[in-house]
Structure formats: structure tokens, C-alpha cells
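The values are calculated or read from the model by the stated rules, or taken from the named source; none is laboratory data. Just so you know, these numbers come straight off a predicted model, no measurement behind them. Virtual Cβ from ideal backbone geometry, glycine too; neighbours counted across all protein chains shown.
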Amino acid sequence: MRIHVVKRGDTIWSLARQYRTAVEDIIRLSEPPNPASLVVGQTLLIPTAERIHIVKAGDTFYKLGQQYGVSPQRIAQANPGVNPNALRVGQRIIIPEVTAPKRTIEVNAYIEPKGLQADREILADVAPYLTYVSVFSYRATREGGLTAPNDSVVLQAARDFRIAPLLVMTNFDGTNFNTEIARTVIRNPDVKNRLFDNLVQTIRQKGFVGVNIDFERVGPEDREAYNQFLRDLEARLDTVGASLSTALAPKEADWTTGAWHGAHDYRAHGAIVDFTVIMTYEWGWSGGPPYAVAPINKMRDVLRYAVSVIPSNKILMGFPLYGYDWTLPFVKGTWARGISPQGAIIQADRENVDIQYNETLEAPFYRYYDNQRRQHEVWFEDARSVVAKLDLINEFNLRGISYWVLGNDFPQNWVLLADTFTIRKLR
């Protein structure tokens, strides 16, 4: 796909003429919320035999030719005006007529089931692009029980659409992750064994192919106890042929302190579990100041450390299917409103503001004033940020990608994902 960034005066019809393609194809690929009213800075996907490569340090036309199976001369011809001896990190290079076979990756996405028909519709829209759907969440109790979500509709849809379901177990309690619950189930042998029994029973009854452990705010002093908990669970799940994976907080080194990071031992998880989901998002978060949710420079720093201690074929890179809308000036203790990528475009159109793009962070953003004259700042994802982040999968030779969370409309993401990779199916 070619990514077109809308300029003032652009229309779907003028772009179709410009690129010698059909109006219907542009609309089908991009699903612009309002085809008759494009937003300056909005991205549209244009069907083409070319793809875009984001330049990394050390890239040359020769290396790109080897990577994509295209001669350096043809890359140069497709990029008139680009000096091949002075490529800049972050620069966009057109790769013509990609002939190299696409890599096969695994794709996971989390879903928070409601037990309604809407759950099935959400999965139906993205079924071809998913290896796994992770049901969030089964909550561990202090007694070793499991509090289950209403996931019957999701599990039936997963069977119908050939998506492998994962049971996500958390230490969630009320509105946050609970350190004391994690400590109890990790350290108390009786509670742990009871919890494992309940997990195995649920896997057998409901047909889960594996368990994804998302224990957060585990006390740093429980780091090794958590590692042993995972070793014991891996051995137990082996008896029923179920996989074990974990969700890991993002960090750039082996930080052993801190409520969110200290207990997550990357090296140990890489040795114990079948794969990990590294949550490379939430730098911009709802309770903090405005910022990109998944800035590519921070993602790269985390992945650079991760692959140094975890086999790259065990890593799924996290990606947010959402953004945030902050009220300015930011006041600590206030919370930003979540917004989908499609919702962000709809709002920019309604507020008549242009979408800007931060090249360093690889993220779109804009500001607007609400009807009470309060200024807002919105950060989200678009086609440009997707391409940049999908390139990280190849850059670090990762197992694949994991999305949080289904139910946020972002049609361009799925088109670009399928255009870049072949998605592995287990069923």
C-alpha cells in the first residue's frame, strides 16, 4: 500500500485520478469515517504494487535490495530525488514490486468480553488476522479460585472463526492489580495448587489452548517466587498440552525495583514460558500528561533489551488500538478519555482541526477547543505509525504482535498487517 497524507483540497475523487485507481478501492482499504470530508493530515491507503520502508540506522539501498528481493537500481528509480548515500533515519523509501515472500508471524489480540452478540461481531471483523484471542480476564482469588468473565460468545466465535483462545489470568481486584493477591497465590503452596487445578479444569471445559499470565504490580521482593510459580505452572500445563505465556511491563534494562517492573524477570520468563507479550505502550497514559501512547523510540529501546535476554522468536510486541484525549492544562489526578483511531479522525473532522505528525515518536496528534473553551490534546495511531511499528517486527525478528484491545475501530491497521505478513493459524 502507498500511504497518502491528506492535503488541503484533496478529495477521494481527486486522489483516485491522481493515483489512477478506483474511488471504491481507496474507500474499501481505508474506510475513512467521512469520505466526503477528509481531514488535513489524515492518512489514506492507496492500492499499489509498492510498499514503504522506514529507514533505520545502517540501511543502504543495497541492504534494502537484499531484504526485499529488489535490485538497488530499481529502488533508486522508485525514489527520484533521494540520495542513496545520505539516507536519514525515519526517512520513507518506496520499495517497488516486492517479490520476497512475506514472513509468517503470530498475532494476538486481547478482548474484554461482554457476553453479547457484539463480541462475535468484533471477532468476525478481524478473524483472518488473528492467531490468538486472549480473553481478559480470569481473576485469581486469594483462595485459589478463578472469577470468570462472560466469555461464552467469544469462545464460540473463536471456534467458528479458527482463532485459538487464550485464558488470561490476572491479579485484578476491583479497579486495579492487587499486589497482595499476587503474593498469596505465588507463595502459598495450597493456594497455588488449588489455582492450578482450577486452571486445568477450565482449560478442559472451555477449550483454551493456553494460559496468558498478566500479573502486574507484583512486589519486587516476590520476583524469584514469581519465576518459580511460572516454572510450576508450565510443568502442570504441559500435562494437558496447553501453552504458557506472560505479559511483561516494558523496561529498557533489568530493573529490579519498582512496582510495575521489578518482579518481571525478562531472562527467566524467556527461559520458562512459550512466549511473552511485551506491553510496549502506555508511555502516554490516561493518568499522565499528554504524550504518544507508543513512541517508537521507547519501543525500540525496550525491544533492544528484550532480545538480548529473551529469544526473539518468543516475543510478541505490544501495540495499542487506542489513543487518549487529554484536557489541558494537565492536572495530576485527572484522567484522559480513551479514543479509537477512527474516533480521533471523526473528532478532528467535527472540530475542524488539522492532524499533525511527530516524526521522532512516529505518532499523530492534534489539539482542539471544546464547547467550554477548554483546550484538548489528542494522541492516537494512524497508517504511518502502523508501518513504522510493524517494521520493528522484522528489525528484531520477533515472533509477532499483540494488540490491546479489540473493540476500537482501526481498519487501516488490519489491511497493513495482512499486506506485510502472513498470519499463522493454529486451527
What number goes with the only condition from (1) closer than 21 Å to Gln91 by Cβ; (2) among the aromatic types (Phe, Trp, Tyr); (3) over 23 Å from the mean Cα position of the chain (by Cα) that Tyr357 does not pass? (3)
Is one or more of the residues making up region 80-94 modelled with pLDDT of 85 or more and within 25 Å of Leu316 (Cα to Cα)? yes
Looking at this structure, is Tyr324 in contact with a helix residue (DSSP H, G or I) (Cβ under 9 Å, 6 or more places away or on another chain) and either closer than 12 Å to Ala363 by Cα or at pLDDT 95 or above (or both)? no
Test: residue in region 56-67 that is at pLDDT 90 or above, surrounded by 15 or more Cβ atoms within 10 Å (Cβ to Cβ) and within 29 Å of Glu351 (Cα to Cα): no
Looking at region 369-383, can you tell me whether even one residue there is of a type outside the set (D, E, K, R), in a strand (DSSP E or B), buried (at least 23 other Cβ atoms within 10 Å of the Cβ) and touching a residue at least 24 places away in the same chain (Cβ under 8 Å)? yes
Complete set of residues in region 194-232 that are buried (at least 21 other Cβ atoms within 10 Å of the Cβ) and under 17 Å from Ile163 (Cα atoms): Phe208, Gly210, Val211, Asn212
When Lys114 is run through (1) basic (Lys, Arg); (2) surrounded by fewer than 16 Cβ atoms within 10 Å (Cβ to Cβ); (3) modelled with pLDDT of 95 or more; (4) touching a Ser or Thr at 6+ places or on another chain (Cβ under 6 Å), the failure sits at (4)
Got at least one residue in region 56-67 being over 25 Å from the mean Cα position of the chain (by Cα), farther than 30 Å from Arg194 by Cα, outside any loop (DSSP other than H, G, I, E, B) and of a type in the set (A, V, I, L, M)? yes
Name the residues in region 209-230 that are hydrophobic (A, V, I, L, M, F, W, C) and in a loop (DSSP other than H, G, I, E, B), would you? Val209, Phe215, Val218
Exclusive hit being modelled with pLDDT of 95 or more, out of contact with any Cys (no Cβ under 7 Å at 6 or more places or on another chain), closer than 30 Å to Ile93 by Cα and among the aliphatic types (A, V, I, L, M), set Ala418, Ala344: Ala344
Just to be sure before I move on: is Tyr324 within 20 Å of Leu44 (Cα to Cα), in contact (Cβ under 8 Å) with a residue 24 or more places away in the chain and part of a strand (DSSP E or B) in the structure I sent? no
Out of the residues in region 1-32 that are among the β-branched types (Val, Ile, Thr) and not in a helix (DSSP H, G or I), state the one that is surrounded by the fewest Cβ atoms within 10 Å (Cβ to Cβ). Thr11
Residues to consider are Pro149, Pro165; find the one that is in contact with a strand residue (DSSP E or B) (Cβ under 8 Å, 6 or more places away or on another chain), part of a loop (DSSP other than H, G, I, E, B) and either in the same structural domain as His261 (by TED's automatic domain parsing) or buried (at least 18 other Cβ atoms within 10 Å of the Cβ) (or both). Pro149
Scan Gly333, Gly284 and give me the residue that is in a loop (DSSP other than H, G, I, E, B) and at positive phi. Gly333
Being surrounded by fewer than 17 Cβ atoms within 10 Å (Cβ to Cβ) and either touching a Phe, Trp or Tyr at 6+ places or on another chain (Cβ under 9 Å) or not assigned by TED's automatic domain parsing to the domain that holds Ser137 (or both) narrows it down to one residue among Asn408, Asn413, Asn358; which is it? Asn358
Just give me the residues in region 303-314 being crowded, with 21+ Cβ neighbours inside 10 Å and under 12 Å from Pro250 (Cβ atoms), in sequence order. Leu303, Ala306
Flagged pairs (Cβ under 8 angstrom, 6 or more apart or on separate chains; first in region 189-201, over 13 Å from Thr239 (Cβ atoms) and modelled with pLDDT of 95 or more; second in a helix (DSSP H, G or I) and of a type in the set (S, T, N, Q)) are Val191/Thr184
Some residue of region 153-161 being within 24 Å of the chain's Cα centre (by Cα) and in a strand (DSSP E or B): no
Can you find, within region 102-127, the residue that is nearest to Val405 (Cα to Cα) among those that are free of Cβ contacts under 8 Å to residues at least 40 places away in the same chain and in a loop (DSSP other than H, G, I, E, B)? Lys114
Mind counting the residues in region 86-100 that are part of a loop (DSSP other than H, G, I, E, B) and in contact (Cβ under 8 Å) with a residue 40 or more places away in the chain? 4
Please give the number of the condition Val40 fails out of (1) within 30 Å of the chain's Cα centre (by Cα); (2) free of Cβ contacts under 8 Å to residues at least 12 places away in the same chain; (3) part of a loop (DSSP other than H, G, I, E, B); (4) surrounded by 16 or more Cβ atoms within 10 Å (Cβ to Cβ). (2)
